[in-house]
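Shown next, in structure tokens, is the structure this report addresses.
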Amino acid sequence: MISITLLGKITNHGPLRRGCAKPGDRILATGWFGGSILGRHFDFQPRVEEALLLNQRYRLHAGIDVSDGLSIDLSRMAKESGCGAILQIDSIPIADDARRLAEKRADGSTPLDHALGDGEDFELLLAVPPDEALHILKDQPLDVLITDIGEFIAEPGLWQREPKGPHRPLVPPRLGTRI
């Protein structure tokens with residue numbers, strides 16, 4: 001016999017679901033991404049309280065925590081929302097551990113590859129209307145950095161944009177866990 005109990009809390013704005021992003025929403029992220037295999041994956045605090053606070057104070061359309069990798073979880077969020085997402089590549093907050101991991105590995109992986117493809121970061125990705133995103137970014141209401149890393153668009157798929165360039169498809173990196 002298996003018994004599972006699920007407890008939760010919602011704010012006055014209701015639950016924050018992953019499938020309610022809308023084209024035009026900004027993609028906001030908490031914290032930094034990549035390199036969790038160097039030890040952060042054993043020592044993390046899920047951003048539950050942060051998600052509750054943001055959902056209580058601001059108008060959020062959707063949210064997800066990054067457990068399987070930034071690009072994979074963002075693509076899931078976009079697909080469930082029936083839209084696409086463009087990541088502004090130069091805006092992605094890359095963890096120092098991602099840089100260290102890229103230096104250690106001989107497979108040519110970059111810190112950005114680790115930020116996009118490593119899992120177990122447990123940071124938040126949020127779909128936020130543009131005007132509300134400006135308020136959040138100005139307020140920085142958490143003890144962790146909140147960054148604007150892109151936008152949701154009507155065109156399905158996961159896309160990347162380099163500085164001053166057109167968007168092009170983003171294929172989630174497939175990285176092994178060996179160092």
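FYI, it's all coordinate maths here, none of it is from the lab. Keep in mind that this is a model prediction, so the values were computed, not measured. Virtual Cβ from ideal backbone geometry, glycine too; neighbours counted across all protein chains shown.
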### Query
Any idea what the relative contact order of the chain is, in percent, if you count C-alpha pairs under 8 Å spaced at least 6 apart?
37 percent
### Net charge, Phe42 excluded, C-beta distance under 15 Å - Lys, Arg +1, Asp, Glu -1
-4
### Summary
Counting Lys and Arg as +1 and Asp and Glu as -1 over every other residue whose Cβ sits under 11 Å from the Cβ of Ile89, the net charge comes to 0
### Message
I'd like the FRET efficiency for Gln140 and Ser67, computed as 1/(1 + (r/R0)^6) with the beta carbon distance as r and R0 of 22 Å, rounded to 0.05.
### Response
0.35
#### Entry: region 126-170 shape via C-alpha gyration tensor axes, a/c threshold 1.5
prolate
### Query
Check Asp25: other-chain or 5+ apart residues with amide H under 5 Å from its amide H, H built from backbone geometry?
Phe152
### Query
Which far-off residues, 5 or more places away or on another chain, put their amide H under 5 Å from the one on Ile94, with H placed in the peptide plane?
Phe33
### Query
How about region 97-175: which trypsin sites (Lys or Arg not before Pro) there lie in a loop by DSSP and see at most 10 other Cβ atoms within 10 Å?
Lys164, Arg174
### Message
Please list, ordered by chain and number, the residues whose modelled amide H lies under 5 Å from the amide H of Asp118; skip anything fewer than 5 residues away on the same chain.
### Response
Gly35, Leu70
#### Entry: Phi to ³J(HN,Hα) by Karplus 6.51 cos²θ - 1.76 cosθ + 1.60 over region 145-150, Hz, x for Gly, Pro
4, 10, 10, 8, 10, x
### Full-extension gain in nm, Met1 to Ala154, via 0.36 nm per residue minus C-alpha separation
50.6 nm
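Dividing the Cα radius of gyration by the Kirkwood radius, what Rg/Rh value follows for the chain?
That ratio is 0.97, to two decimals.
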